[in-house]
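S.K.: Before I ask anything, let me first share the structure, which is written out below as structure tokens.
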Amino acid sequence: MNTNLYNYILGIADNSLILGQRMGELCGHGPNLETDIACTNISLDLFGQVRGYFQYAAKIANDGRTEDDIAMLRKERDYLNVLLAEQPNTDFAYTIGRQFLFDVYHLLFLTELEKSKDLTLSAIAKKSIKEVRYHQRFSSDWVKRLGDGTEESHSKMQQAINDLWTYTDELFHQTEADKAMVEEGIGVDVTKLKKDYYEKVSTILEQATLEIPESKYFQKGGKEGIHTEHLGFLLSELQYMQRAYPNMDW
Amino acid sequence: MTTTEQNIDKKLIEILEAVSDPEIPVLSIMDMGVVRSAVIKNNKVKVEITPTYSGCPAMDVIGDDIKTALEDAGYEAEVELILHPAWTTDWITPRGRKALEDYGIAAPLGAEADIDVLLNGKRIVKCTNCGSQNTRLVSQFGSTACKAQFQCDDCQEPFDYFKCLK
């Protein structure tokens, strides 16, 4: 099996899986009905994309594991998502801030992934771009509404952006699998997305009357399986059914 | 692989037209444009369908319904989900658009008009109840992944708008 390709796909898929799970937590808990539905729809899109990636990964692994096994039966250290994706829904500003900071990256990333030599990845990317465009509209819209809203919503949105900012640099960190895939013309050179990313994010933050954080201190590790304490709790919920009823099927 | 042409055996059209979208029962999957090919080989039918949205839960049901319909007609059937080329709302047929409207879901506009409506608050989506264009966006996401929620400011009725996917 092509280990680099397999790990590369997991890296992409895990971002959507973990963020999808976080958004899914809002089901029945959104600040109002429309937003609740919007968050769970975004979650559903992300899970849909994940299925495409994991089905492909299962085919590459070719060891009898299914997409569900790959999603549910790994340990914390085996998940390769960025730290940003696993940050908790502290309050609605954090939920929106996290989604926004990821959406801008996601759209830039998928636009490049569509050009991949790997036809399956290219097809998933093409399909996903259409959906992620709606996600980015939604989250940008809310960042502006909260940032340029009341004094309280402004300060909460600013606080969320300040805290989550620490995790943005990791989006552009390259693992060994990344580098190998870029060389083969399959992967995306994320280092090249950085400039566009911070420009786009800054434009929206300015429109939202928010300050662009100056922090130069960044956290990374998720792409290598070293996570913040939040992932373990998230996984215990995600994997609950498999742990309680091993090998259950639906 | 890049073709957007459908390749459907004429003998199968009637059978497939009878299968409907479980979320929108008035809409046949053929009018939805999700069936990309259906070919018969030695009494075995191979059907390729493409999802509307990645996470659309209706796709599994549609796959099963197609299988049942074909088996009832005496064929052995195999359904495969393909991602390429990606589905677009342009593939909904004129008959499909009419079925959507009659059912109370506003049919998708073009890509630019869609942005005007969902981002810039332009009032051009026609109310499916009274036909007025004095409508406004309530939420970009609706009861299913493919729809947004609208409300008519004339007759006050809420309704769904099928988002443009291009």
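No value in this document is a laboratory result; all are computed from the given coordinates. Everything quoted here is computed from the prediction, not taken from an experiment. In this analysis, Cβ positions are derived from the backbone assuming ideal geometry, glycine residues included, and neighbour counts consider all displayed protein chains.
S.K.: Which value at 222 nm does chain B reach when only helices count, each DSSP H run of 4 or more adding -39,500 (n - 2.57), with the total divided by all residues and rounded to the nearest 500 deg cm²/dmol? Each step should come with its number before you reach the end.
M.R.: Values: 5 runs with 45 residues, N = 166.
Estimated from H runs of four or more residues: -7500 deg cm²/dmol.
S.K.: Where does chain A land at 222 nm, in deg cm²/dmol rounded to the nearest 500, when only DSSP H runs of n ≥ 4 count, each adding -39500 (n - 2.57), divided by all residues? Before the final figure, lay out each step's value.
M.R.: Details: 11 runs with 163 residues, N = 250.
When only DSSP H runs of four or more count, the value is -21500 deg cm²/dmol.
S.K.: Quick one: which of A:90-103, A:217-230 comes out on top by average Cβ neighbours within 10 Å, and what's the full order, highest first? Before the final figure, lay out each step's value.
M.R.: Values: A:90-103: 23.3, A:217-230: 15.4.
Descending packing order for the listed peptides: A:90-103, A:217-230.
S.K.: Sticking with this one: For helix A:92-113, what angle does its Cα long axis make with the longest principal axis of chain A, in degrees from 0 to 90 and rounded to 10?
M.R.: That works out to roughly 50 degrees.
S.K.: Let me ask you something else. Just to be sure I follow: if Rg is taken over the C-alpha atoms of chain B and Rh is the Kirkwood radius over the same atoms, what is Rg/Rh?
M.R.: Rounded to two decimals, Rg over Rh is 1.02.
S.K.: Whole-Å semi-axes of chain A's equivalent ellipsoid, largest first, each the root of 5 times a Cα gyration tensor eigenvalue? Please report the intermediate quantities before stating the final value.
M.R.: Working: eigenvalues 163, 93, 53 Å².
Equivalent ellipsoid of chain A: 29, 22, 16 Å, largest first.
S.K.: Test of understanding: in a Gaussian network model of chain A with alpha carbons linked when under 10 Å, which of A:LYS192, A:LYS144, A:LYS115 would top the mean-square fluctuation ranking?
M.R.: A:LYS192
S.K.: Kindly flag which residue pairs out of A:LYS115/A:LYS200; A:LYS59/A:LYS179; A:LYS144/B:LYS122; A:LYS200/A:LYS223; A:LYS115/B:LYS44 have an alpha-carbon separation exceeding 25 Å in this structure. Before the final figure, lay out each step's value.
M.R.: Values: A:LYS115/A:LYS200 21 Å; A:LYS59/A:LYS179 22 Å; A:LYS144/B:LYS122 19 Å; A:LYS200/A:LYS223 23 Å; A:LYS115/B:LYS44 36 Å.
Distance filter (> 25 Å) returns A:LYS115/B:LYS44.
S.K.: Using only the Cα atoms of segment A:23-102, what semi-axes does the equivalent ellipsoid have when each is the square root of 5 times a gyration tensor eigenvalue? Give whole Å, largest first. Write out the running numbers ahead of the final one.
M.R.: On the way: eigenvalues 157, 41, 21 Å².
So the three semi-axes of segment A:23-102 are 28, 14, 10 Å.
S.K.: Looking at chain B, which Cys residues are left with no other cysteine's beta carbon under 4.7 Å from theirs?
M.R.: B:CYS56, B:CYS146, B:CYS164
S.K.: In angstroms, what radius of gyration and Dmax does segment A:191-250 have, counting Cα atoms only?
M.R.: Radius of gyration, then largest Cα-Cα span, for segment A:191-250: 18.9, 50 Å.
S.K.: By count of other Cβ within 10 Å, fewest leading, how are A:HIS154, A:HIS135 ordered?
M.R.: On the way: A:HIS154 17, A:HIS135 26.
By the 10 Å Cβ count, ascending: A:HIS154, A:HIS135.
S.K.: Further question: Highest GNM mean-square fluctuation, chain A, Cα pairs closer than 10 Å: which of A:TYR240, A:TYR56, A:TYR79?
M.R.: A:TYR240
S.K.: Going by how many other beta carbons lie within 10 Å of each one, how would you line up A:MET72, A:MET157, B:MET59, fewest first?
M.R.: A:MET72, B:MET59, A:MET157
S.K.: Quick one: angle between helix A:119-147 and the longest Cα principal axis of chain A, in degrees between 0 and 90, rounded to 10, please.
M.R.: 20
S.K.: What aspartates and glutamates does A:LYS127 reach when the alpha-carbon gap must be under 14 Å and sequence neighbours fewer than 8 apart in one chain are set aside?
M.R.: Cα-Cα hits under 14 Å: A:ASP45, A:GLU112, A:GLU114.
S.K.: In Å and from the alpha-carbon atoms only, list the Rg and Dmax of segment B:104-162.
M.R.: When restricted to Cα atoms, segment B:104-162 yields Rg and Dmax of 10.0, 27 Å.
S.K.: Taking the Cα centre of segment A:25-110 as origin, work out the dipole magnitude from +1 charges on Lys and Arg Cβ and -1 charges on Asp and Glu Cβ, in debye rounded to 20. Each step should come with its number before you reach the end.
M.R.: Working: 7 positive and 13 negative charges, 65 e Å.
Approximately 320 debye in magnitude.
S.K.: Determine by what factor the alpha-carbon radius of gyration of segment B:7-89 differs from 2.2 N^0.38 Å, reporting the quotient. Write down the numbers at each step before the final one.
M.R.: Details: Rg = 11.7 Å, N = 83, 2.2 N^0.38 = 11.8 Å.
Segment B:7-89 yields a ratio of 0.99.
S.K.: Of all the Cα-Cα pairs you can form in segment A:55-125, what percent are over 14 Å apart?
M.R.: Of all Cα-Cα pairs in segment A:55-125, 72 percent lie more than 14 Å apart.
S.K.: Just the C-alpha atoms of segment A:108-197: what Rg/Rh do they give, with Rh taken as the Kirkwood radius? The partial results should precede the final answer.
M.R.: Details: Rg = 16.4 Å, Rh = 15.1 Å.
Ratio value, two decimals: 1.09.
S.K.: Separate question: Springs between alpha-carbon pairs under 10 angstrom, Gaussian network model over chain A: which of A:LEU19, A:LEU238, A:LEU33 fluctuates most?
M.R.: Looking only at A:LEU19, A:LEU238, A:LEU33, the biggest GNM fluctuation is shown by A:LEU33.
S.K.: Once amide H atoms are placed 1.01 Å from N in the peptide plane, what residues at a sequence separation of 5 or more from B:LEU27, or on another chain, have their amide H within under 5 Å of its amide H?
M.R.: B:ASP21
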